[in-house]
Amino acid sequence: MSGIYIHIPYCHKACNYCNFHFSTSLKSIDSMIDALCKELAFKKDYLEGDIIETIYFGGGTPSILNQKQLELLFLSIHESYVVSDNAEITIEANPEDINEALLGSWNNMGINRLSIGIQSFQDHYLQWMNRNHSSGEAINSVYLAQKNGFKNISIDLIYGLPNLSLEQWKEEINTAINLNVTHISTYCLTIEERTALGKLVEKGTVQLISEDEVEKQMLHLMNTLGSVGFEQYEISNFCKPGFESKHNSSYWKHTSYIGIGPGAHSYNKKNRQHNIANNALYIKNIRADNFDLNTTTEELSETDRYNEYILTRIRTKWGINAMELNKLLPTNSDALISTVNTLCANEFLYLQDNFYKLTQKGRLLADEITLKLMV
Ligand code: SF4
């Protein structure tokens with residue numbers, strides 16, 4: 001079982017907090033599609049003939065693509081890979097792009113999961129973030145997708161926004177629940193250097209809310225979504241039973257995947273590949289058949305494998321397999337074993353059927369705990 005991730009590095013506008021790789025100049029899209037198709041063919045042996053169970057169009061903003069551009073990508077996928085009949089095929093979409101014609105074409109192409117970037121239901125926050133849609137458009141986009149047959153819909157929300165009160169956050173969550181979606185991803189606002197928001201924070205123009213407030217918002221999120229049947233299967237991801245993102249879960253379960261496009265990563269259990277995060281160079285190198293200039297390959301050392309196992313598994317409901325941990329632990333690991341024991345004694349971790357998992361208290365401090373367990 002393997003997956004394909006295709007990065008579409010274009011957006012209508014730059015959101016103030018975002019440090020993903022994208023460009024707001026759309027003029028190279030058709031050349032980019034040609035390059036992505038060529039990379040799909042070039043990388044076909046990386047997965048050693050594995051059947052493709054998940055395809056994920058991420059970005060950037062994949063809903064920027066028109067029908068013809070997406071069809072070309074599907075054609076290239078099917079020319080070089082065997083795709084399972086039941087494959088989960090996701091497209092990330094922004095509310096302002098969603099309309100009946102596009103939804104119809106996605107349905108016809110076999111796309112069966114939408115991940116809609118809503119972020120907030122409050123217009124003043126959407127404007128502050130420089131999002132390209134209103135709250136009304138966000139809500140309508142979900143209704144329209146449901147009306148057009150999409151049953152597996154995820155939405156993204158951000159908490160920890162400046163001045164966001166617990167009461168406002170409660171309303172946000174209630175609105176999300178009332179939309180009857182199957183999956184909700186939530187992220188705490190993080191300040192990244194070299195973003196518009198990073199600069200505002202540096203200048204002191206934006207005041208962030210306290211860690212205590214953030215913790216209250218996260219706790220409320222976990223308790224409320226849990227009480228209406230959502231399972232927190234990963235720190236930031238909640239789903240109705242049976243609606244986990246298979247694609248993202250496969251990253252956490254160390255399944256192989258190829259990443260196509262600028263800034264994308266690939267992984268096949270032996271090495272990890274990183275694509276250059278520059279649209280113009282990516283296209284130029286592929287046009288000249290210089291595929292290797294676009295990709296850096298990193299062979300994974302034992303320590304890398306251990307760290308990666310911790311980093312990906314600790315945040316999930318599946319947790320860390322104690323036997324696997326023993327196998328992967330680097331030599332001189334007495335200090336790590338004692339850290340695990342201390343975390344269990346202090347109720348940040350618990351052991352269940354041979355798997356170490358985060359308690360609710362541990363989930364609130366997942367990043368700190370992960371760092372403690374890495375070498
Ligand atoms: S639409 Fe998404 S990828 Fe594009 S700038 Fe906004 S958050 Fe970043």
The range 217-324: strands (runs of 3 or more DSSP E) wholly inside it with 2 or more residues that are surrounded by 14 or more Cβ atoms within 10 Å (Cβ to Cβ) are 231-234, 237-239, 256-260, 265-267, 271-275
Could you run through the range 325-335 and say how many residues are among the hydrophobic types (A, V, I, L, M, F, W, C), out of contact with any helix residue (DSSP H, G or I) (no Cβ under 7 Å at 6 or more places or on another chain) and surrounded by 16 or more Cβ atoms within 10 Å (Cβ to Cβ)?
1
The one condition P162 fails out of (1) in contact with a helix residue (DSSP H, G or I) (Cβ under 9 Å, 6 or more places away or on another chain); (2) crowded, with 17+ Cβ neighbours inside 10 Å is (2)
Taking the criterion of being over 19 Å from G59 (Cβ atoms), in contact with a Phe, Trp or Tyr (Cβ under 7 Å, 6 or more places away or on another chain) and either of a type in the set (A, V, I, L, M, F, W, C) or not assigned by TED's automatic domain parsing to the domain that holds S25 (or both), would at least one residue in the range 294-307 satisfy it?
no
Every residue from the range 27-58 that is at pLDDT below 95 and not basic (K, R):
D45, Y46, L47, E48, G49, D50
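For the range 6-121, which strands (runs of 3 or more DSSP E) that fit wholly inside it have 1 or more residues that are of a type in the set (D, E)?
Fully inside the range 6-121 and qualifying: 52-59, 83-93.
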Looking at (1) touching a residue at least 24 places away in the same chain (Cβ under 8 Å); (2) out of contact with any strand residue (DSSP E or B) (no Cβ under 7 Å at 6 or more places or on another chain); (3) more than 15 Å from T370 (Cα to Cα), find the lone condition where D334 falls short.
(1)
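Going through S227, S256, S266, S185 one at a time, which residue ends up being in contact (Cβ under 8 Å) with a residue 12 or more places away in the chain and either over 18 Å from the mean Cα position of the chain (by Cα) or in the same structural domain as Y81 (by TED's automatic domain parsing) (or both)?
It is S185.
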Listed by first then second residue, the pairs whose first member lies in the range 4-15 and is more than 29 Å from A41 (Cα to Cα) and near the ligand (Cβ under 10 Å from one of its atoms), whose partner is of a type in the set (S, T, Y) and not in a strand (DSSP E or B), with beta carbons under 7 Å and at least 6 positions apart or on separate chains, are K13/T24; A14/T24
Does R194 count as surrounded by 17 or more Cβ atoms within 10 Å (Cβ to Cβ), among the charged types (D, E, K, R), in a loop (DSSP other than H, G, I, E, B) and touching a residue at least 60 places away in the same chain (Cβ under 8 Å)?
no
Selection from the range 339-362 of residues that are in a helix (DSSP H, G or I) and surrounded by fewer than 18 Cβ atoms within 10 Å (Cβ to Cβ):
T339, N341, T342, C344, A345, Q360, K361
Of (1) in the same structural domain as L26 (by TED's automatic domain parsing); (2) among the small types (G, A, S); (3) in contact with a Ser or Thr (Cβ under 6 Å, 6 or more places away or on another chain), S245 fails just (3)
What number of residues in the range 16-28 are within 14 Å of the ligand (Cβ to nearest atom) and closer than 21 Å to I286 by Cα?
5
Residues to consider are T90, T175; find the one that is touching a residue at least 60 places away in the same chain (Cβ under 8 Å) and crowded, with 16+ Cβ neighbours inside 10 Å.
T90
Residue count, the range 123-162 (criterion: within 15 Å of the ligand (Cβ to nearest atom), among the hydrophobic types (A, V, I, L, M, F, W, C) and closer than 24 Å to E100 by Cα):
4
Qualifying residue in the range 294-301 (condition: more than 30 Å from L36 (Cα to Cα) and either among the charged types (D, E, K, R) or modelled with pLDDT of 90 or more (or both))
no
Cross-chain or 6+ apart pairs with Cβ under 8 Å, the range 39-68 first and charged (D, E, K, R), then in a loop (DSSP other than H, G, I, E, B) and within 16 Å of the ligand (Cβ to nearest atom):
E39/G261
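The values are calculated or read from the model by the stated rules, or taken from the named source; none is laboratory data. All values reported here derive from a predicted model rather than from experimental measurement. For neighbour counting, all protein chains shown are included, and Cβ atoms are generated from backbone atoms with ideal geometry for every residue, glycine included.
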